[in-house]
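In what follows, a structure is listed as structure tokens, so that the remarks can point back to it.
The values are calculated or read from the model by the stated rules, or taken from the named source; none is laboratory data. All values reported here derive from a predicted model rather than from experimental measurement. Neighbour counts run over all protein chains shown; Cβ positions are idealised from the backbone, glycine included. In case anyone asks, the SASA skips ligands and DNA or RNA and just uses the protein heavy atoms, side chains included. Shrake-Rupley method; radii C 1.70, N 1.55, O 1.52, S 1.80 Å.
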Amino acid sequence: MLRFLARRLLVTLLVIACTSVLAFSLVHLSGDPAAAMAGEGASPADVESIRRLYGFDQPIHTQYFAWIGKILTGDFGRSFYLRQSVITVLAEHAPVTAKLGLSALVFALLLSIPLGILAGLHRDTALDRFALGLAVAGQALPSFLFALLLIYIFGVQLRWLPISGSATWLHFVLPSVTLGYYAAPALMRLTRSGMIDVMQSDHVRTARAYGLPAWRVVLLHALRSAIIPVVSLAAVQLGFMLGGSIVVETVFSLKGLGLLAWQSIQRSDIEVIQAILLLIALIYALLTLLADLLNALIDPRIRIS
Amino acid sequence: MTAATLTTMSPRRLALHRLLRHGSFWFGGGAILLILLVALVGPLFTLDPVAQNLGARLVPPVWDVRGSWAHPLGTDQLGRDLLARLVDGARISMFIGIATVLVSGLIGTAMGMAAGYFGGRVDLVINFLITIRLTLPVVLVALVVVAVVGSSLSVLVVVIGLLLWDRFAVVTRSATQRLAHSDFVIAARAIGSSTPRILLVEILPNIVGPLIVVATVEVAHAVLLEAALSFLGLGVKPPLASWGLMVAESKNQLLFRPWLIAIPGVALVTLVLAINLLGDALRDVVAPEGRA
């Protein structure tokens, strides 16, 4: 297990290093961001001074190592638009995205696990087909459209929930439902297939033979072994959701990392964009690592190969 | 058809037989054909999708009392005919979906086959590349690239194509791995076939099934991604009509003219649902052992 852990840690570090190169080079794809930062109507002298100030006149690899070197000392640079250090800006926006991601995950689990259990227990019935149909139909609905639909029904027609901003926890209900909905189908399918497998296993048969009530067999004996892969998939899904929160945050005007990324892209605020790309990739890599470790813990075959 | 005739059929005919009896296949395939037809010949019959008529702004669809047959689906805030824009959007969605899958399919299949056939270091490197690709948030990366490079249909195709190859690679890799040690591949190697020949003539035809399934899923994925990028304002550029862009342009009409959002929205959902249903039907046929 220790060797497996060391190898996975090494791979994760390599992945993060490579992503940092990518995050950096993406922003510098056009060669010189100075013109975009100076904006329209800037004089050549202005562009030149920005170029000098941010070091865009240096060779690209020098710029990269200067950037990554500063990051390793905890300095993420400054947002030229907001005139604040990037760390301050990130710290302001990250809690909203964290809250959104976690509540979306809770919603996804609350939706997918009961549905998955029911679909697995009543395999090939109308209920099972309904759950799978819901998953297929849901995947066809783009998140921005689903968000607008929810706004129309619950915000405009019924007036039950706020549709913009992040002042109270009520503001997070619709965004979390939108975001979590897309993580649900995969979790549901995995719960369902896990339940189908485990219900045929010996320990569940024994529990049944003891005459335990059905709910005890399902919730205490079967679910316990079916749930671990679901938890590890949920960790990966959380990573996906943080990356995908940009659409949801834009529609609901949630001041999180997604909205910040979108605004920073519009303002060519490159230090912020780089930092967000790196941060999201880092969180995703760590969550995947966590999921892998969890899987390896329950399935020794993974550790050896 | 009796069980006896089913077992004597060739695998290919059996697959076709199963496909033709699949409801999702007919519904999904039919809807896709219809949208493809609309995208190809529709522009001949509709008005100019970018012609503005400020005198006829926000005309409601024909089923509203104020609507008229001059604009069957009404007009948008610039007085452009909604039906014409919808048809134009079908063209763009179809083009993006198919073109990006050609790019991503080529990349992913080549990488997956190399990883699965050669194994060892090649496999290790390609697996690493897949991990890196999964670590990058798709929407964010696409937005950044489009913002930096500038938006055009070809940029969108390349960017989305370069982002969505991972599933092709994963599926091709495991399918190739299974075949790499099969008797017919060993036989081909024994008679001195070259490696490219083994890959293209022996292995590729035998993994076409799972490839087609992934391709349908990825077409849907690409269509959704284009719509999301256009919705965020960094996809298809106005005045071109993309369904995602049409929704974005009418976002603030949600309260008073919800049909402006509902019409392109329904079109988008129908297309993606049709592709997904077709994909489901194909998966049932190609990988019947996975049927639950």
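With respect to (1) small (Gly, Ala, Ser); (2) over 30 Å from A:ARG7 (Cβ atoms); (3) open to solvent by 30 Å² or more (accessible area, probe 1.4 Å), the lone exception for A:ALA184 is condition (3). Residues in the stretch A:113-141 that are of a type outside the set (Ser, Thr, Tyr) and more than 9 Å from every other protein chain (Cβ to nearest Cβ): 19 in all.
Under the condition of being assigned to a helix (DSSP H, G or I) and open to solvent by less than 60 Å² (accessible area, probe 1.4 Å), which residue from the stretch A:200-224 is nearest to B:LEU225 (Cα to Cα)?
Going through the stretch A:200-224, the residues assigned to a helix (DSSP H, G or I) turn out to be A:202-209, A:214-224.
Then keep just the ones that are open to solvent by less than 60 Å² (accessible area, probe 1.4 Å); that gives A:204, A:207, A:217-218, A:222-223.
Values: A:VAL204: 43, A:ALA207: 47, A:VAL217: 43, A:VAL218: 39, A:ALA222: 38, A:LEU223: 35 Å.
Only one residue tops the list, namely A:LEU223.
So which residues in the stretch B:64-78 are part of a loop (DSSP other than H, G, I, E, B) and closer than 16 Å to B:LYS251 by Cα, if there are any at all? Write out each step before concluding.
So in the stretch B:64-78, the residues part of a loop (DSSP other than H, G, I, E, B) come out as B:64-74, B:76-78.
Hits for the stretch B:64-78 are B:ASP76, B:GLN77, B:LEU78.
Condition test on B:GLY29, is it surrounded by fewer than 19 Cβ atoms within 10 Å (Cβ to Cβ) and modelled with pLDDT of 85 or more?
yes
Here's the yes/no breakdown for (1) modelled with pLDDT under 90; (2) part of a helix (DSSP H, G or I); (3) not small (Gly, Ala, Ser):
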position: A:ILE87; (1), (2), (3): yes, yes, yes
position: A:THR97; (1), (2), (3): no, yes, yes
position: A:GLY101; (1), (2), (3): no, yes, no
position: A:VAL106; (1), (2), (3): no, yes, yes
position: A:LEU111; (1), (2), (3): no, yes, yes
position: A:LEU118; (1), (2), (3): yes, yes, yes
position: A:ASP124; (1), (2), (3): yes, no, yes
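In this entry, A:ASP197 passes the filter for residues that are within 14 Å of chain B (Cβ to nearest Cβ), surrounded by fewer than 20 Cβ atoms within 10 Å (Cβ to Cβ), farther than 23 Å from B:GLY244 by Cα and among the acidic types (Asp, Glu).
Of all residues in the stretch B:176-207, those being assigned to a helix (DSSP H, G or I) and open to solvent by 60 Å² or more (accessible area, probe 1.4 Å) number 13.
Let's see how each residue does on (1) surrounded by fewer than 17 Cβ atoms within 10 Å (Cβ to Cβ); (2) touching a Leu at 6+ places or on another chain (Cβ under 7 Å); (3) on the phi > 0 side of the Ramachandran plot:
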{"site": "A:LEU82", "(1), (2), (3)": "no, no, no"}
{"site": "A:VAL96", "(1), (2), (3)": "no, yes, no"}
{"site": "A:VAL106", "(1), (2), (3)": "yes, no, no"}
{"site": "A:LEU115", "(1), (2), (3)": "no, no, no"}
{"site": "A:ARG123", "(1), (2), (3)": "yes, no, no"}
{"site": "A:ALA131", "(1), (2), (3)": "no, yes, no"}
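Screening A:GLN263 with (1) open to solvent by 40 Å² or more (accessible area, probe 1.4 Å); (2) out of contact with any Phe, Trp or Tyr (no Cβ under 9 Å at 6 or more places or on another chain) gives one miss only, at (2).
Against the definition (open to solvent by 50 Å² or more (accessible area, probe 1.4 Å) and of a type in the set (Asp, Glu)), how does B:ASP48 come out, yes or no? Yes. Within the stretch A:225-244, the residues that satisfy the criterion of being open to solvent by 30 Å² or more (accessible area, probe 1.4 Å) and more than 14 Å from chain B (Cβ to nearest Cβ) are A:SER225, A:ILE227, A:ILE228, A:PRO229, A:VAL231. Filtering B:GLY235, B:GLY265, B:GLY244 for residues that are open to solvent by less than 40 Å² (accessible area, probe 1.4 Å), at negative phi and not in a helix (DSSP H, G or I) leaves a single hit, B:GLY235.
Evaluated against (1) more than 11 Å from chain B (Cβ to nearest Cβ); (2) crowded, with 17+ Cβ neighbours inside 10 Å, A:PHE144 falls short on exactly one condition, (1).
Going through B:ASP88, B:ASP64 one at a time, which residue ends up being at pLDDT 80 or above, acidic (Asp, Glu) and over 30 Å from B:VAL208 (Cα atoms)? Lay out the reasoning, then the answer.
On the way: B:ASP64 fails: at pLDDT 80 or above.
Criteria check complete, one pass: B:ASP88.
In the stretch A:245-305, which helices (runs of 4 or more DSSP H) lie fully inside it and hold 1 or more residues that are within 11 Å of chain B (Cβ to nearest Cβ) and in contact (Cβ under 8 Å) with a residue 24 or more places away in the chain?
Details: elements: A:257-266, A:270-298, A:300-304.
Filter on the stretch A:245-305 gives A:257-266, A:270-298.
For residues that are in contact with a helix residue (DSSP H, G or I) (Cβ under 7 Å, 6 or more places away or on another chain) and within 14 Å of chain B (Cβ to nearest Cβ), tally how many sit in the stretch A:156-175.
So the count comes out to 3.
Every condition in (1) over 30 Å from B:LEU162 (Cα atoms); (2) open to solvent by less than 40 Å² (accessible area, probe 1.4 Å) holds for A:GLY77 except the one numbered (1). Consider the stretch A:38-74 and keep the residues that are within 19 Å of A:VAL21 (Cα to Cα) and among the charged types (D, E, K, R). The one that is least open to solvent (accessible area, probe 1.4 Å) is A:ASP57.
Has the stretch B:121-141 got any residue that is more than 14 Å from every other protein chain (Cβ to nearest Cβ) and open to solvent by 10 Å² or more (accessible area, probe 1.4 Å)? Checking the stretch B:121-141: at least one residue is more than 14 Å from every other protein chain (Cβ to nearest Cβ) and open to solvent by 10 Å² or more (accessible area, probe 1.4 Å). Within the stretch B:243-273, take every residue that is at the interface with another protein chain (Cβ under 9 Å from one of its Cβ atoms) and over 15 Å from B:GLY89 (Cβ atoms) and give me the one that is farthest from the chain's Cα centre (by Cα). Checking each candidate, the answer is B:LEU255. Annotation: B:LEU240 fulfils all but one of (1) closer than 29 Å to B:ASP64 by Cα; (2) within 11 Å of chain A (Cβ to nearest Cβ); the unmet one is (2).
Within the stretch B:146-159, can one find any residue that is of a type outside the set (A, V, I, L, M, F, W, C), in contact with a Gly (Cβ under 8 Å, 6 or more places away or on another chain) and modelled with pLDDT of 90 or more? Among the residues of the stretch B:146-159, not one is of a type outside the set (A, V, I, L, M, F, W, C), in contact with a Gly (Cβ under 8 Å, 6 or more places away or on another chain) and modelled with pLDDT of 90 or more, which makes the answer no.
Just a yes or no: is a residue in the stretch A:183-192 of a type in the set (D, E, K, R) and either touching a strand residue (DSSP E or B) at 6+ places or on another chain (Cβ under 8 Å) or within 13 Å of chain B (Cβ to nearest Cβ) (or both)? Spell out the reasoning first.
First, pick out the residues of the stretch A:183-192 that are of a type in the set (D, E, K, R): A:189, A:192.
After this cut, where a residue has to be either touching a strand residue (DSSP E or B) at 6+ places or on another chain (Cβ under 8 Å) or within 13 Å of chain B (Cβ to nearest Cβ) (or both) as well, the list is A:189, A:192.
Checked against the condition, which is being of a type in the set (D, E, K, R) and either touching a strand residue (DSSP E or B) at 6+ places or on another chain (Cβ under 8 Å) or within 13 Å of chain B (Cβ to nearest Cβ) (or both), the stretch A:183-192 yields at least one hit.
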